[in-house]
Amino acid sequence: MSTQKGNSSRSRPQKHQNRTAFKNSLHDTSQKTKEINAIQVNNVCQRCKDIIEWKIKYKKYKPLTQPKKCVKCGEKTVKKAYHIVCDPCGQKTGICAKCGQRKDLIIASTVQQSMLQQDPEIKELLKSLPERKRRTFLRFMAKNEKEPLSENKEEILKKLEALKMDGEEHLEEFSSECSSDNE
Ligand SMILES: [Zn+2]
Ligand SMILES: [Zn+2]
């Protein structure tokens, strides 16, 4: 008898084992789920990134229907759910866009990115760059993802220094070198 009262311990193995990892798009192929699944969680600390990604995975993520007020500039510029500061303010202040604490932030989620995060020298330089230049640099890095960081670190540092020192002219030159799209 499988429905025996008071006997909660299972004597037989679970009939249907979970063979594959949980996938939230298995029964839901809606555009909204697709869009939410494609969200890249950036500019937050690791802990907040984990929280938001958990919400996405288990379909607890609720996108904002209209922009929220940023706690820094007071404008309605926060477009991402669970964030308390807008992107420009987050970048200016270097705080986590979700919890508002000053921690190491996840800036973009590429493999190189995590490698960069681990290199203190590059990390420091990257932090000192204005947002626009940082993005240019990250695009450059994304393009050179195949090359191991250890081999071209010298090169990377040089680029970063040059990018930091030079004005827009160099930046444009640099952009065309590493990416064809102009943002
Ligand atoms: Zn703001
Ligand atoms: Zn945080």
Checklist entry - Are there any helices (runs of 4 or more DSSP H) wholly within the range 28-111 with 3 or more residues that are away from ligand 2 (no atom under 16 Å from the Cβ) and outside the structural domain of F137 (by TED's automatic domain parsing), and if so which? => result 31-37
Checklist entry - How many of the residues making up the range 89-101 are modelled with pLDDT under 90 and either open to solvent by 70 Å² or more (accessible area, probe 1.4 Å) or more than 11 Å from ligand 1 (Cβ to nearest atom) (or both)? => result 2
Checklist entry - Looking only at residues in the range 70-80 that are crowded, with 17+ Cβ neighbours inside 10 Å and within 21 Å of K55 (Cβ to Cβ), which one is farthest from ligand 1 (Cβ to nearest atom)? => result K80
Checklist outcome for this item: Scanning the range 57-67 residue by residue, the ones that are open to solvent by 80 Å² or more (accessible area, probe 1.4 Å) and within 16 Å of ligand 1 (Cβ to nearest atom) total 1
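The values are calculated or read from the model by the stated rules, or taken from the named source; none is laboratory data. In this text, all values refer to a predicted model and were calculated from it rather than measured experimentally. Cβ: placed from backbone, ideal geometry, glycine included. Neighbour counts: every protein chain shown. Remember, those area values only see protein heavy atoms, side chains included, never the ligands or the DNA or RNA. Shrake-Rupley method; radii C 1.70, N 1.55, O 1.52, S 1.80 Å.
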